[in-house]
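Some notes on the structure that comes next.
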Amino acid sequence: QERLLVVSYQRHFYPAYAYARELVQKGALGELKGVVAYVTQNWGGRGWRMVPELAGGGMFMDTGSHLVAAVLWITGLTPVKVSAFMDKRGKRVDMDAVVNARFRGGALGSLSFVGSASRHDERLSIHGDKGTLVFHLHQWEVREVLLNGEPLEVPKRVKEDTPDAAFLRWIRNGGKGYERADFAVAVAKFTEAAYRSVEQKRR
């Protein structure tokens, strides 16, 4: 019997993100050439997130993981080389990071994570040889999604959802419509590669 696993990345259940993924899969942007993204947050504070033995990493592994997941899930790109710089800003875990990547097929990506910022802001732009998608979130709300400079019109058939609701629905309906969480493995590999890159630069 197949087991159901859901990794709770909320952006995957936002209608604009889900539809954008459809467009990329259908070739609306053409051949993907580049991805540029950042997320900022007044991150950390006290508690388990600041304890490396409990958290395993800092801003990049925590909030940053959601941005990495969105990039890989929407684009379908496979990272083949990763290079990173990180700064703990006097804390025990990473607060700020910049991660550059080369993807299979030749696309390039640059992702920034600023946990020492004053507030949340987030942008993701995906560039192909036929089009561009741009997402802007601020204070955890989707403020704007543009396709080639114009507001993205999301069909009514694409409904808003949540990871929890989707998980329960798939359990009840026997897995109908279930999508495997394989992308989460790619996120983990990307994350590990970034941390390895930082360690190698210290040697």
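Okay, here's what the table says:
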item	result
Cα-derived Rg to Rh of segment 1-86, Kirkwood definition	1.02
Total lysine pairs whose alpha carbons fall under 22 Å of each other in the chain (8 or more apart, or interchain)	14
Values of log10 I(q)/I(0), in the order q = 0.07, 0.13, 0.16 Å⁻¹, for the chain under a Debye, Cα-only, solvent-free model	-0.21, -0.75, -1.12
Distance (nanometres) between label positions extended 7 Å along Cα→Cβ at residue 87 and residue 196	2.7 nm
Alpha-carbon centroid distance for the pair segment 9-47 / segment 108-129, whole angstrom	10 Å
Rounded to 10°, Cα long-axis angle of helix 63-75 versus longest principal axis of the chain	40 degrees
Residues of segment 1-16 with amide N under 16 Å of the 7 Å Cα→Cβ point at residue 48	8
HN-Hα J in Hz across segment 191-203 - Karplus 6.51, -1.76, 1.60, θ = phi - 60°, x for Gly and Pro	4, 4, 5, 5, 5, 5, 4, 5, 5, 5, 5, 7, 7
Rotationally averaged projected area of segment 83-171 (alpha carbon convex hull; nm²)	9.5 nm²
For residue 33, distant residues with modelled amide H under 5 Å away	127, 128, 129
Segment 40-132: C-alpha gyration tensor shape, a/c 1.5 cut-off, then a/b vs b/c	prolate
At R0 = 41 Å, FRET efficiency that the Cβ-Cβ distance of residue 168 and residue 100 yields, to 0.05	0.60
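Each reported figure results from applying straightforward, stated rules to the coordinates on display, with no laboratory input. These numbers come from a predicted model, not from an experiment. Because the Cβ atoms are built from the backbone with ideal geometry, glycine has one as well, and the counts that use them run over all protein chains shown.
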